[in-house]
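What follows is a single structure, written as structure tokens, with notes after it.
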Amino acid sequence: SDPAQRLTGVPSSAKKQGSERVAGGTGRKGKYGAIRPEYNGVTYDSKAEASKAQELDLMVKAGEIDFWLRQVPFPLAGGIVYRADFITFTRMAKEVYDPDADAELWSVTVIEVKGFADKTWRMKYKLFKEKYPNLTMEVTK
């Protein structure tokens, strides 16, 4: 069974995506003129995002994380949607939280690759932290 389907506290849109990576892109430049590179059959919005995807794949191979998703939508207040660049999922060892527990616990990290923090991003970040205060967000360049 897909571990993403058993997660709690994560929007259903993320669960529906499973561990599948969605191909997309048009080969055009992004809104800030970034070249849209391809990695592993997927077109990314920037070289930094493609590089982060490659890094996440290496982390899966090394056993540092279990899996990751890209472009996961999070509904925010006022009908606004924030689309996370990546989310990583790491199964926690039962010894860490409760050896007798039936449920699995996951560490979930939302990753945003941001070259430029514009006004829209700052507003969405604030709304995200208000609605999902228990989710860890890592902003990288």
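The values are calculated or read from the model by the stated rules, or taken from the named source; none is laboratory data. Small disclaimer: the values here were computed from a predicted structure and weren't measured. Don't worry about glycine lacking a Cβ; one is built from the backbone with ideal geometry, like all the others, and counts go over all protein chains shown. Please note that ligands, DNA and RNA were not included when accessible areas were found on the heavy atoms of the full protein model with its side chains. Shrake-Rupley method; radii C 1.70, N 1.55, O 1.52, S 1.80 Å.
Assign one of three labels to region 46-135, namely rounded, prolate or oblate, based on the Cα gyration tensor with a ≥ b ≥ c the square roots of its eigenvalues; rounded applies when a/c is under 1.5, prolate when it is not and a/b is larger than b/c, and oblate otherwise. Oblate, since a/c reaches 1.5 and b/c is not below a/b. Taking amide hydrogens as placed 1.01 Å from N in the peptide plane, the amide H of Thr43 sits under 5 Å from those of Gly24, each at least 5 positions away in sequence or on another chain. Here the calculated FRET efficiency for Glu130 and Glu55, from their Cβ-Cβ distance with R0 = 30 Å, stands at 0.55, rounded to the nearest 0.05. Legend: residues Glu64, Glu112, sorted from most to least accessible area (1.4 Å probe; ligands, DNA and RNA excluded), read Glu64, Glu112. Less than 5 angstrom separates the built amide H of Phe74 from those of Tyr82, Arg83, Ala84, all sequence-distant by 5 or more or on a different chain. Under 5 Å between amide hydrogens, built in the peptide plane, is the criterion, and for Glu112 it picks out Glu138, Val139, Thr140 among residues at least 5 positions away or on other chains. Remark: region 58-63, residue by residue, has Karplus-estimated 3J(HN,Hα) of 5, 5, 5, 4, 7, x Hz, where x stands for each Gly or Pro and the curve is 6.51 cos²θ - 1.76 cosθ + 1.60 at θ = phi - 60°. Phi angles of region 123-138 translate, via the Karplus equation with coefficients 6.51, -1.76, 1.60 and θ = phi - 60°, into HN-Hα couplings of 5, 5, 4, 4, 5, 4, 5, 5, 7, 10, x, 8, 8, 7, 10, 10 Hz per residue; Gly and Pro are given as x. When the Cα gyration tensor is reduced to axis lengths a ≥ b ≥ c, the ratio a/c is 1.5 or higher for region 55-98, and with a/b not above b/c it is classed as oblate.
Residues in region 73-81 carry Karplus couplings, in order, of x, 10, x, 10, 4, x, x, 7, 10 Hz; the curve used is 6.51 cos²θ - 1.76 cosθ + 1.60 with θ = phi - 60°, and Gly or Pro positions show x.
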